[in-house]
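The structure appears below as structure tokens.
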Amino acid sequence: MAGVNIKELVSKKNPMTEGHRMCPGCGAPTALRQAFMGIDSPVVVVGATGCLEVSTTVYPYSAWRVPFMHVAFENAGAAISGVEAAHKVLSRRGLARADIKFVAFGGDGGTYDIGLQSLSGALERGHDFTYICYNNQGYMNTGAQRSGATPRGASATTSPAGSAIPGKLQRAKNLTEIAVAHDIPYVAQTTLHNPADLIAKVKRAVETPGPAFVNILVPCQLFWKIEAADQAKICRLATDSRFWPIYEVADGEYSLSYDPHARVGAEDFLRAQGRYSHLFKKGRERMDLVEQAQNDIEAEWGKLLKKCGRALS
């Protein structure tokens with residue numbers, strides 16, 4: 001974000017207050033506060049059921065300074081569609097200001113899985129809104145169950161590592177590419193490795209006419225079994241290992257936002273998290289799964305570079 005004054009951004013009044021009940025070290029409120037730094041217009045927020053909703057709207061209190069609608073796990077896409085459509089009608093009648101932006105939030109459970117058909121319908125219909133997925137790669141609100149976003153090999157309560165299975169057996173769903181397949185104006189993937197990148201991507205998403213989707217990787221310290229202070233470190237490892245590539249797709253054109261020159265291996269990223277500790281247990285190591293993770297990363301990185309029109313590096 002060249003030319004942007006970071007001091008001005010952090011001094012902006014944020015739509016979400018500090019008085020919420022998210023866990024210390026959770027990546028979601030960090031991502032949300034940074035996201036709102038990129039939004040200058042009045043905003044209406046729709047939130048799917050999940051950690052963010054239950055921790056910011058504990059009746060009779062709310063951590064939101066803007067209109068906020070809590071909806072079910074499965075229908076954030078439909079709800080934001082209805083709000084945006086109603087605003088169009090009211091604007092035509094001169095009953096609403098025209099510069100309002102519409103943003104929906106959902107965790108990976110409410111986005112990758114339960115709310116996917118609702119989101120897909122909203123993207124296909126072309127509503128003018130931005131959907132932000134705060135992706136902690138599991139169902140944290142209901143007890144750390146595996147989701148469609150949970151990576152292969154991670155231990156979750158419904159895919160526990162043990163003698164029967166070494167954690168989740170399936171690869172994570174690539175929802176960012178599923179969003180791209182809807183041929184919408186803007187899709188982006190980012191994390192907390194670089195606040196300016198996250199802010200810039202959300203700003204572009206909100207200011208692009210039509211539907212936009214931003215997938216943000218956010219650590220959950222309880223599920224990922226990391227120290228609260230290591231949030232940024234883990235996100236940096238995710239990007240530098242290319243486990244979580246940082247890129248955007250505008251009008252079908254791919255652009256790589258970050259190419260780590262000092263790359264680290266998948267093993268460094270996995271070892272930093274307790275959810276993969278079983279892979280490195282002395283005498284029962286599963287280095288085959290670590291190697292498989294590295295191979296998956298290399299394959300996906302090669303595909304992405306090709307889409308970006310870049311040579312394999």
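The values are calculated or read from the model by the stated rules, or taken from the named source; none is laboratory data. The shown structure was predicted, so the numbers you read here are calculated from the model rather than taken from an experiment. All Cβ positions, glycine included, derive from the backbone under ideal geometry; neighbour counts span all protein chains shown.
Out of the residues in region 231-275 that are under 18 Å from the mean Cα position of the chain (by Cα) and of a type in the set (D, E, K, R), state the one that is nearest to Ala212 (Cα to Cα). The residue in question is Glu248.
Of a type outside the set (D, E, K, R), closer than 30 Å to Asp183 by Cβ, surrounded by fewer than 20 Cβ atoms within 10 Å (Cβ to Cβ) and modelled with pLDDT under 95: is that true of Leu304 in this structure? Lay out the reasoning, then the answer.
Details: of a type outside the set (D, E, K, R): yes; closer than 30 Å to Asp183 by Cβ: yes; surrounded by fewer than 20 Cβ atoms within 10 Å (Cβ to Cβ): yes; modelled with pLDDT under 95: no.
No; evaluated as a whole, the condition is false for this residue.
Of all residues in region 69-87, those satisfying the criterion of being part of a helix (DSSP H, G or I) and either among the small types (Gly, Ala, Ser) or loosely packed, with under 14 Cβ neighbours inside 10 Å (or both) are Ala76, Gly77, Ala78, Ala79, Ser81, Gly82, Ala85, Ala86. For region 127-144, the criterion of being modelled with pLDDT of 95 or more, over 24 Å from Val45 (Cα atoms), part of a loop (DSSP other than H, G, I, E, B) and out of contact with any Asp or Glu (no Cβ under 8 Å at 6 or more places or on another chain) is satisfied by no residue at all.
Tallying residues that are in a loop (DSSP other than H, G, I, E, B) and of a type outside the set (Val, Ile, Thr) within region 16-68 yields 21. Taken over region 130-170, the criterion of being among the β-branched types (Val, Ile, Thr) and surrounded by fewer than 24 Cβ atoms within 10 Å (Cβ to Cβ) is satisfied by Thr142, Thr157, Thr158, Ile165.
Looking for something over 28 Å from Gly162 (Cα atoms), part of a helix (DSSP H, G or I), basic (Lys, Arg) and more than 17 Å from the chain's Cα centre (by Cα) - is there at least one such residue anywhere in region 280-303? Yes: region 280-303 contains one or more residues that are over 28 Å from Gly162 (Cα atoms), part of a helix (DSSP H, G or I), basic (Lys, Arg) and more than 17 Å from the chain's Cα centre (by Cα).
Listed by first and then second residue, the pairs with beta-carbon distance under 6 Å, at least 6 apart or on different chains, first residue in region 188-206 and within 24 Å of Pro42 (Cα to Cα) and at pLDDT 95 or above, second in a strand (DSSP E or B) and of a type in the set (Lys, Arg), are Val206/Lys101.
Return yes when Val206 is surrounded by fewer than 23 Cβ atoms within 10 Å (Cβ to Cβ) and touching a strand residue (DSSP E or B) at 6+ places or on another chain (Cβ under 8 Å) and no when it is not.
On the way: surrounded by fewer than 23 Cβ atoms within 10 Å (Cβ to Cβ): no; touching a strand residue (DSSP E or B) at 6+ places or on another chain (Cβ under 8 Å): yes.
No; evaluated as a whole, the condition is false for this residue.
Residues in region 40-65 that are surrounded by fewer than 14 Cβ atoms within 10 Å (Cβ to Cβ) and among the hydrophobic types (A, V, I, L, M, F, W, C): Val58 alone. Checked against (1) touching a helix residue (DSSP H, G or I) at 6+ places or on another chain (Cβ under 9 Å); (2) surrounded by fewer than 18 Cβ atoms within 10 Å (Cβ to Cβ); (3) more than 30 Å from Lys281 (Cα to Cα); (4) not β-branched (Val, Ile, Thr), Ala181 passes all but condition (1). Annotation note: of Lys13, Lys7, the sole residue that is part of a helix (DSSP H, G or I) and at pLDDT below 90 is Lys7. Of everything in region 39-78, what is closer than 17 Å to Asp128 by Cα and small (Gly, Ala, Ser)? Give them in sequence order. Hits for region 39-78 are Ser41, Gly47, Ala76, Gly77, Ala78. In summary, Asp99 fulfils each of the numbered conditions (1) modelled with pLDDT under 95; (2) in contact with a Cys (Cβ under 7 Å, 6 or more places away or on another chain) with the single exception of condition (2). Number of residues in region 264-312 that are of a type in the set (A, V, I, L, M), in contact (Cβ under 8 Å) with a residue 12 or more places away in the chain and farther than 17 Å from Arg171 by Cβ: the value is 3.
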